[in-house]
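Engineer: Mind having a look at this structure? Questions to follow.
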Amino acid sequence: KGITEPFCNQKRNELINSIKLGTDAPIKYKKATGVLFDVIAIKYFDDLQVHSTPHTIRDVTSKYNKHIKEPLGSLIVDRIKIEDLEKFQKSKIGILADKTINQLVELFSTIFNFGLRKDMCKTVNPAIKLKKFKIDNARERYLEKDEIKELFELLKDNELLTLFTKLSLSTGARLETVLSIQKKDIDLPISTVTLQDFKNKDTYKGFLSDDVLAIIKKKIKNYKANDYIVSLDGTKITSRQIQSRLKPKIDKLFNDELDTRDRKNRIVIHSLRHTFASHLAINGTPIFTIQKLMNHKDIKQTMRYAKLAPDSGKEFVNELYK
(Lines give C-alpha, C1' and ligand atoms only; values in the text may rest on other atoms or scores of the structure.)
Protein backbone atom coordinates (compact mmCIF):
# COMPACT_ATOMS: atom_id res chain seq x y z
CA LYS A 1 0.00 0.00 0.00
CA GLY A 2 2.93 2.32 -0.56
CA ILE A 3 4.37 1.96 2.99
CA THR A 4 7.83 0.80 2.09
CA GLU A 5 10.92 0.28 4.23
CA PRO A 6 12.64 3.46 2.91
CA PHE A 7 9.46 5.45 3.63
CA CYS A 8 9.34 4.16 7.22
CA ASN A 9 13.03 4.93 7.69
CA GLN A 10 12.48 8.49 6.45
CA LYS A 11 9.57 9.02 8.87
CA ARG A 12 11.62 7.63 11.71
CA ASN A 13 14.49 10.02 10.97
CA GLU A 14 12.05 12.95 10.83
CA LEU A 15 10.69 12.02 14.27
CA ILE A 16 14.19 11.64 15.74
CA ASN A 17 15.22 15.06 14.37
CA SER A 18 12.02 16.64 15.73
CA ILE A 19 12.71 15.20 19.19
CA LYS A 20 16.34 16.39 19.11
CA LEU A 21 15.29 19.89 18.05
CA GLY A 22 12.29 19.91 20.41
CA THR A 23 9.89 20.88 17.63
CA ASP A 24 6.57 19.31 16.72
CA ALA A 25 7.26 16.01 18.48
CA PRO A 26 4.14 13.91 19.09
CA ILE A 27 3.32 13.77 22.80
CA LYS A 28 4.07 10.05 23.03
CA TYR A 29 7.60 10.65 21.75
CA LYS A 30 8.46 13.45 24.18
CA LYS A 31 11.02 12.29 26.69
CA ALA A 32 9.59 11.76 30.16
CA THR A 33 11.61 13.15 33.04
CA GLY A 34 11.58 12.00 36.64
CA VAL A 35 12.60 9.09 38.83
CA LEU A 36 11.16 5.66 38.08
CA PHE A 37 9.47 3.89 40.99
CA ASP A 38 11.79 0.93 40.39
CA VAL A 39 14.83 3.12 41.11
CA ILE A 40 13.40 4.06 44.51
CA ALA A 41 12.60 0.41 45.20
CA ILE A 42 16.22 -0.59 44.52
CA LYS A 43 17.45 2.10 46.94
CA TYR A 44 14.90 0.94 49.52
CA PHE A 45 16.07 -2.69 49.32
CA ASP A 46 19.69 -1.54 49.66
CA ASP A 47 18.68 0.27 52.84
CA LEU A 48 16.97 -2.87 54.15
CA GLN A 49 20.28 -4.72 54.05
CA VAL A 50 21.36 -2.65 57.06
CA HIS A 51 18.14 -2.52 59.07
CA SER A 52 16.31 -5.84 58.52
CA THR A 53 16.73 -9.58 58.86
CA PRO A 54 17.62 -11.75 55.82
CA HIS A 55 14.18 -13.38 56.07
CA THR A 56 12.39 -10.01 55.84
CA ILE A 57 14.60 -8.87 52.96
CA ARG A 58 13.89 -12.05 50.98
CA ASP A 59 10.17 -11.78 51.65
CA VAL A 60 9.64 -8.16 50.59
CA THR A 61 12.04 -8.39 47.64
CA SER A 62 10.22 -11.44 46.33
CA LYS A 63 6.81 -9.76 46.67
CA TYR A 64 8.03 -6.67 44.85
CA ASN A 65 9.70 -8.51 41.97
CA LYS A 66 6.81 -10.93 41.53
CA HIS A 67 3.84 -8.58 41.82
CA ILE A 68 4.74 -4.87 41.83
CA LYS A 69 7.76 -4.39 39.58
CA GLU A 70 6.13 -5.05 36.22
CA PRO A 71 2.97 -2.89 36.49
CA LEU A 72 4.31 -0.06 38.67
CA GLY A 73 8.11 -0.14 38.64
CA SER A 74 8.42 1.41 35.18
CA LEU A 75 6.22 4.41 36.07
CA ILE A 76 7.64 7.82 36.96
CA VAL A 77 6.96 8.03 40.66
CA ASP A 78 5.60 11.59 40.67
CA ARG A 79 3.06 10.63 38.00
CA ILE A 80 1.61 7.60 39.79
CA LYS A 81 -2.04 8.27 40.59
CA ILE A 82 -4.57 6.55 42.80
CA GLU A 83 -6.16 5.24 39.59
CA ASP A 84 -2.96 3.30 38.87
CA LEU A 85 -3.18 1.62 42.27
CA GLU A 86 -6.88 0.87 41.85
CA LYS A 87 -6.08 -0.78 38.53
CA PHE A 88 -3.29 -2.71 40.25
CA GLN A 89 -5.71 -3.91 42.94
CA LYS A 90 -8.28 -5.08 40.39
CA SER A 91 -5.65 -6.98 38.41
CA LYS A 92 -4.85 -9.11 41.47
CA ILE A 93 -8.45 -9.96 42.50
CA GLY A 94 -9.09 -13.66 42.14
CA ILE A 95 -5.37 -14.34 41.82
CA LEU A 96 -4.22 -13.33 45.31
CA ALA A 97 -5.99 -13.22 48.67
CA ASP A 98 -7.37 -9.83 49.69
CA LYS A 99 -4.92 -9.75 52.60
CA THR A 100 -1.98 -10.32 50.25
CA ILE A 101 -3.18 -7.53 47.94
CA ASN A 102 -3.36 -5.19 50.95
CA GLN A 103 0.19 -6.20 51.90
CA LEU A 104 1.41 -5.36 48.39
CA VAL A 105 -0.23 -1.93 48.58
CA GLU A 106 1.44 -1.43 51.98
CA LEU A 107 4.80 -2.36 50.46
CA PHE A 108 4.23 0.12 47.62
CA SER A 109 3.35 2.80 50.18
CA THR A 110 6.43 2.04 52.29
CA ILE A 111 8.73 2.34 49.27
CA PHE A 112 7.01 5.57 48.17
CA ASN A 113 7.44 7.08 51.65
CA PHE A 114 11.10 6.07 51.57
CA GLY A 115 11.42 8.00 48.32
CA LEU A 116 9.83 11.06 49.95
CA ARG A 117 12.28 10.90 52.86
CA LYS A 118 15.20 10.66 50.43
CA ASP A 119 13.85 13.55 48.28
CA MET A 120 13.52 11.24 45.29
CA CYS A 121 9.89 12.27 44.77
CA LYS A 122 7.77 15.28 45.66
CA THR A 123 4.10 14.35 45.33
CA VAL A 124 1.71 13.04 47.97
CA ASN A 125 1.69 9.27 48.38
CA PRO A 126 -1.29 8.08 46.26
CA ALA A 127 -1.79 5.05 48.52
CA ILE A 128 -2.99 7.28 51.37
CA LYS A 129 -6.49 7.65 49.92
CA LEU A 130 -6.67 4.18 48.41
CA LYS A 131 -9.48 2.08 49.87
CA LYS A 132 -8.13 -1.27 51.01
CA PHE A 133 -10.00 -4.53 51.22
CA LYS A 134 -11.64 -5.30 54.55
CA ILE A 135 -10.08 -8.37 56.13
CA ASP A 136 -11.19 -10.54 59.02
CA ASN A 137 -7.71 -11.44 60.19
CA ALA A 138 -8.54 -13.12 63.46
CA ARG A 139 -7.13 -16.61 63.75
CA GLU A 140 -9.55 -18.05 66.29
CA ARG A 141 -8.38 -21.65 66.06
CA TYR A 142 -5.95 -23.01 68.60
CA LEU A 143 -4.97 -26.53 69.59
CA GLU A 144 -6.91 -28.23 72.35
CA LYS A 145 -4.92 -30.36 74.80
CA ASP A 146 -5.91 -33.64 73.14
CA GLU A 147 -4.89 -32.20 69.75
CA ILE A 148 -1.49 -31.26 71.18
CA LYS A 149 -1.07 -34.88 72.30
CA GLU A 150 -2.01 -36.04 68.80
CA LEU A 151 0.61 -33.76 67.28
CA PHE A 152 3.36 -34.95 69.60
CA GLU A 153 2.39 -38.55 68.91
CA LEU A 154 2.86 -37.90 65.19
CA LEU A 155 6.22 -36.18 65.84
CA LYS A 156 7.57 -38.65 68.38
CA ASP A 157 10.20 -40.06 66.00
CA ASN A 158 11.37 -36.63 64.87
CA GLU A 159 13.54 -35.02 67.53
CA LEU A 160 14.01 -31.77 65.61
CA LEU A 161 10.29 -31.06 65.09
CA THR A 162 9.41 -32.22 68.60
CA LEU A 163 11.88 -29.78 70.14
CA PHE A 164 10.73 -26.92 67.89
CA THR A 165 7.06 -27.56 68.73
CA LYS A 166 7.69 -27.88 72.47
CA LEU A 167 9.73 -24.67 72.51
CA SER A 168 6.98 -22.87 70.59
CA LEU A 169 4.27 -24.05 72.97
CA SER A 170 6.39 -23.30 76.04
CA THR A 171 7.43 -19.77 75.06
CA GLY A 172 4.81 -18.63 72.52
CA ALA A 173 7.67 -17.27 70.42
CA ARG A 174 7.41 -16.69 66.68
CA LEU A 175 9.05 -19.04 64.20
CA GLU A 176 12.21 -17.00 63.55
CA THR A 177 12.61 -16.32 67.27
CA VAL A 178 12.56 -20.02 68.14
CA LEU A 179 15.07 -20.81 65.41
CA SER A 180 17.41 -18.10 66.73
CA ILE A 181 17.71 -19.48 70.27
CA GLN A 182 21.34 -20.32 71.07
CA LYS A 183 22.89 -22.22 73.96
CA LYS A 184 23.99 -18.94 75.57
CA ASP A 185 20.35 -17.81 75.68
CA ILE A 186 19.34 -20.71 77.96
CA ASP A 187 19.54 -20.27 81.74
CA LEU A 188 19.07 -23.82 83.01
CA PRO A 189 19.07 -23.10 86.79
CA ILE A 190 16.04 -20.78 86.56
CA SER A 191 14.45 -22.40 83.48
CA THR A 192 14.40 -19.24 81.35
CA VAL A 193 15.38 -18.34 77.81
CA THR A 194 16.25 -14.98 76.28
CA LEU A 195 14.16 -14.49 73.15
CA GLN A 196 14.96 -12.21 70.22
CA ASP A 197 11.83 -10.46 68.94
CA PHE A 198 12.62 -9.55 65.33
CA LYS A 199 9.25 -7.86 64.82
CA ASN A 200 9.66 -5.43 67.73
CA LYS A 201 13.46 -5.41 67.55
CA ASP A 202 14.12 -6.20 71.20
CA THR A 203 14.63 -9.14 73.58
CA TYR A 204 12.44 -10.57 76.32
CA LYS A 205 12.36 -13.52 78.70
CA GLY A 206 10.48 -16.76 78.25
CA PHE A 207 10.05 -19.75 80.55
CA LEU A 208 10.82 -23.37 79.77
CA SER A 209 8.61 -26.24 80.89
CA ASP A 210 10.19 -29.27 82.54
CA ASP A 211 9.77 -31.54 79.51
CA VAL A 212 11.44 -28.96 77.23
CA LEU A 213 14.31 -28.55 79.72
CA ALA A 214 14.89 -32.31 79.76
CA ILE A 215 15.30 -32.37 75.97
CA ILE A 216 17.50 -29.27 75.90
CA LYS A 217 19.84 -30.49 78.67
CA LYS A 218 20.47 -33.68 76.74
CA LYS A 219 20.88 -31.92 73.38
CA ILE A 220 23.24 -29.10 74.35
CA LYS A 221 25.58 -31.08 76.55
CA ASN A 222 28.45 -30.78 74.06
CA TYR A 223 27.28 -27.57 72.35
CA LYS A 224 29.28 -24.35 72.27
CA ALA A 225 27.77 -21.07 73.47
CA ASN A 226 26.83 -19.85 69.98
CA ASP A 227 25.35 -23.15 68.76
CA TYR A 228 21.64 -23.12 67.97
CA ILE A 229 19.15 -25.19 69.94
CA VAL A 230 16.75 -26.10 67.13
CA SER A 231 19.44 -27.25 64.76
CA LEU A 232 21.29 -29.97 63.01
CA ASP A 233 24.43 -30.45 65.12
CA GLY A 234 24.36 -26.83 66.31
CA THR A 235 24.04 -25.31 62.84
CA LYS A 236 21.05 -23.01 62.43
CA ILE A 237 18.29 -24.19 60.13
CA THR A 238 16.00 -21.94 58.12
CA SER A 239 12.31 -21.27 58.53
CA ARG A 240 11.79 -22.88 55.11
CA GLN A 241 13.35 -26.11 56.39
CA ILE A 242 10.97 -26.16 59.37
CA GLN A 243 7.98 -25.25 57.20
CA SER A 244 8.67 -28.00 54.69
CA ARG A 245 8.95 -30.60 57.47
CA LEU A 246 6.21 -29.53 59.89
CA LYS A 247 3.48 -28.07 57.67
CA PRO A 248 2.58 -31.37 55.92
CA LYS A 249 2.16 -33.05 59.29
CA ILE A 250 -0.04 -30.24 60.63
CA ASP A 251 -2.12 -30.29 57.45
CA LYS A 252 -2.56 -34.05 57.70
CA LEU A 253 -3.85 -33.83 61.27
CA PHE A 254 -5.94 -30.67 61.27
CA ASN A 255 -6.49 -29.16 57.80
CA ASP A 256 -7.38 -32.09 55.58
CA GLU A 257 -10.91 -30.95 54.68
CA LEU A 258 -10.47 -27.18 55.05
CA ASP A 259 -10.18 -24.63 52.26
CA THR A 260 -6.66 -23.22 51.95
CA ARG A 261 -8.10 -19.69 52.40
CA ASP A 262 -9.91 -20.53 55.64
CA ARG A 263 -7.72 -18.52 58.02
CA LYS A 264 -10.11 -18.84 60.94
CA ASN A 265 -10.05 -22.62 61.14
CA ARG A 266 -6.77 -23.77 59.62
CA ILE A 267 -3.88 -24.66 61.89
CA VAL A 268 -0.51 -23.26 60.82
CA ILE A 269 2.85 -23.02 62.56
CA HIS A 270 1.93 -19.59 63.94
CA SER A 271 -1.07 -21.28 65.63
CA LEU A 272 1.42 -22.66 68.17
CA ARG A 273 1.95 -19.11 69.42
CA HIS A 274 -1.81 -18.56 69.46
CA THR A 275 -2.27 -21.85 71.36
CA PHE A 276 0.24 -20.73 74.02
CA ALA A 277 -1.64 -17.49 74.70
CA SER A 278 -5.07 -19.13 74.53
CA HIS A 279 -4.26 -21.73 77.18
CA LEU A 280 -2.70 -19.09 79.41
CA ALA A 281 -6.02 -17.24 79.27
CA ILE A 282 -8.08 -20.42 79.80
CA ASN A 283 -6.00 -21.16 82.92
CA GLY A 284 -6.79 -17.74 84.37
CA THR A 285 -3.48 -15.98 83.68
CA PRO A 286 -3.89 -12.18 84.14
CA ILE A 287 -4.11 -10.40 80.79
CA PHE A 288 -1.10 -8.16 81.56
CA THR A 289 1.00 -11.25 82.30
CA ILE A 290 -0.02 -12.72 78.95
CA GLN A 291 0.96 -9.43 77.30
CA LYS A 292 4.41 -9.68 78.89
CA LEU A 293 4.90 -13.33 77.93
CA MET A 294 3.84 -12.63 74.34
CA ASN A 295 5.93 -9.43 74.22
CA HIS A 296 2.97 -7.49 72.84
CA LYS A 297 3.65 -3.76 72.70
CA ASP A 298 -0.04 -2.88 72.73
CA ILE A 299 -2.48 -4.44 75.19
CA LYS A 300 -5.09 -4.40 72.40
CA GLN A 301 -3.16 -7.26 70.77
CA THR A 302 -3.58 -9.30 73.93
CA MET A 303 -7.21 -8.47 74.65
CA ARG A 304 -8.38 -10.92 71.97
CA TYR A 305 -7.57 -13.69 74.48
CA ALA A 306 -9.60 -12.16 77.30
CA LYS A 307 -12.77 -13.90 76.07
CA LEU A 308 -11.16 -17.26 76.90
CA ALA A 309 -10.55 -16.36 80.56
CA PRO A 310 -12.59 -18.34 83.12
CA ASP A 311 -14.07 -15.08 84.42
CA SER A 312 -15.13 -13.92 80.95
CA GLY A 313 -18.81 -14.18 81.89
CA LYS A 314 -19.68 -17.58 80.46
CA GLU A 315 -20.59 -19.05 83.86
CA PHE A 316 -22.93 -16.13 84.59
CA VAL A 317 -24.74 -16.61 81.28
CA ASN A 318 -25.17 -20.32 81.99
CA GLU A 319 -26.82 -19.54 85.32
CA LEU A 320 -28.85 -16.60 84.05
CA TYR A 321 -32.28 -18.26 83.72
CA LYS A 322 -31.90 -21.25 86.04
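Engineer: Just a yes or no: is a residue in the stretch 209-227 in contact with a Leu (Cβ under 9 Å, 6 or more places away or on another chain) and within 22 Å of T56 (Cβ to Cβ)?
Structural biologist: For the stretch 209-227, residues in contact with a Leu (Cβ under 9 Å, 6 or more places away or on another chain) and within 22 Å of T56 (Cβ to Cβ): absent.
Engineer: If a residue has to be surrounded by fewer than 16 Cβ atoms within 10 Å (Cβ to Cβ) and within 23 Å of I215 (Cβ to Cβ) to count, how many in the stretch 254-282 make the cut?
Structural biologist: 1
Engineer: Does the stretch 191-225 hold any residues that are open to solvent by 40 Å² or more (accessible area, probe 1.4 Å), farther than 24 Å from D298 by Cα and in contact with a strand residue (DSSP E or B) (Cβ under 8 Å, 6 or more places away or on another chain), and which are they?
Structural biologist: Correct list: A225 only.
Engineer: Answer yes if at least one residue in the stretch 91-98 is loosely packed, with under 14 Cβ neighbours inside 10 Å and in contact with an Asp or Glu (Cβ under 9 Å, 6 or more places away or on another chain), and no otherwise. So that I can check it myself, show each step before the final result.
Structural biologist: Restricting attention to the stretch 91-98, the residues satisfying the condition of being loosely packed, with under 14 Cβ neighbours inside 10 Å are 91, 93-95.
Remaining after also requiring in contact with an Asp or Glu (Cβ under 9 Å, 6 or more places away or on another chain): none.
Checked the stretch 91-98: no residue is loosely packed, with under 14 Cβ neighbours inside 10 Å and in contact with an Asp or Glu (Cβ under 9 Å, 6 or more places away or on another chain).
Engineer: Would you point out the residue of the stretch 50-86, among those that are exposed (fewer than 14 other Cβ atoms within 10 Å of the Cβ) and touching a residue at least 12 places away in the same chain (Cβ under 8 Å), that is farthest from T177 (Cα to Cα)?
Structural biologist: Ranking the qualifying residues of the stretch 50-86, first place goes to R79.
Engineer: May I pose another question? Could you tell me which residue of the stretch 226-236 is least open to solvent (accessible area, probe 1.4 Å), considering only residues that are in a loop (DSSP other than H, G, I, E, B) and more than 20 Å from S170 (Cα to Cα)?
Structural biologist: The selected residue is G234.
Engineer: Inspect all residues belonging to the stretch 237-260 and state whether any of them is touching a strand residue (DSSP E or B) at 6+ places or on another chain (Cβ under 8 Å) and of a type outside the set (S, T, Y).
Structural biologist: Scanning the stretch 237-260, I find at least one residue that is touching a strand residue (DSSP E or B) at 6+ places or on another chain (Cβ under 8 Å) and of a type outside the set (S, T, Y), so the answer is yes.
Engineer: Are there any pairs with C-beta distances below 8 angstrom linking a residue in the stretch 220-244 that is closer than 14 Å to F164 by Cα to a residue that is part of a strand (DSSP E or B) and among the small types (G, A, S), with the two at least 6 apart or on different chains, and if so which?
Structural biologist: I237/S231
Engineer: Would you be able to say whether some residue in the stretch 133-143 is open to solvent by less than 40 Å² (accessible area, probe 1.4 Å) and either in contact with a Phe, Trp or Tyr (Cβ under 6 Å, 6 or more places away or on another chain) or polar (S, T, N, Q) (or both)? Let's see the steps before the verdict.
Structural biologist: Residues of the stretch 133-143 that are open to solvent by less than 40 Å² (accessible area, probe 1.4 Å), as a first pass: 138, 142-143.
Next, only the ones that are either in contact with a Phe, Trp or Tyr (Cβ under 6 Å, 6 or more places away or on another chain) or polar (S, T, N, Q) (or both) stay: none.
Within the stretch 133-143, none of the residues are open to solvent by less than 40 Å² (accessible area, probe 1.4 Å) and either in contact with a Phe, Trp or Tyr (Cβ under 6 Å, 6 or more places away or on another chain) or polar (S, T, N, Q) (or both).
Engineer: Can you tell me which residue among K134, K149, K145 is among the charged types (D, E, K, R) and closer than 23 Å to L85 by Cβ?
Structural biologist: K134
Engineer: Could you please let me know if F108 is in contact with a helix residue (DSSP H, G or I) (Cβ under 9 Å, 6 or more places away or on another chain) and either of a type in the set (K, R) or modelled with pLDDT of 95 or more (or both)?
Structural biologist: Considered against the rule, which asks whether it is in contact with a helix residue (DSSP H, G or I) (Cβ under 9 Å, 6 or more places away or on another chain) and either of a type in the set (K, R) or modelled with pLDDT of 95 or more (or both), F108 comes out as yes.
Listed here are the residues, each with its yes/no results for (1) basic (K, R); (2) outside any loop (DSSP other than H, G, I, E, B); (3) in contact with a His (Cβ under 9 Å, 6 or more places away or on another chain); (4) modelled with pLDDT under 95.
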{"residue": "V178", "(1), (2), (3), (4)": "no, yes, no, no"}
{"residue": "L195", "(1), (2), (3), (4)": "no, yes, no, no"}
{"residue": "A214", "(1), (2), (3), (4)": "no, yes, no, yes"}
{"residue": "K224", "(1), (2), (3), (4)": "yes, no, no, yes"}
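Engineer: Of all residues in the stretch 124-143, how many are at pLDDT 90 or above and in a loop (DSSP other than H, G, I, E, B)?
Structural biologist: The number of residues fulfilling the criteria is 6.
Engineer: If I ask for residues that are open to solvent by 40 Å² or more (accessible area, probe 1.4 Å) and either part of a helix (DSSP H, G or I) or of a type in the set (D, E, K, R) (or both), which ones from the stretch 101-123 would you list?
Structural biologist: Q103, E106, T110, N113, L116, R117, K118, D119, K122
The values are calculated or read from the model by the stated rules, or taken from the named source; none is laboratory data. Just so we're clear, the structure is a prediction, and the values are computed from it rather than from any experiment. Methodologically, a virtual Cβ is constructed for each residue, glycine included, from the backbone with ideal geometry; neighbour enumeration extends over all protein chains shown. SASA here: full protein model, heavy atoms, side chains in, ligands and nucleic acids out. Shrake-Rupley method; radii C 1.70, N 1.55, O 1.52, S 1.80 Å.
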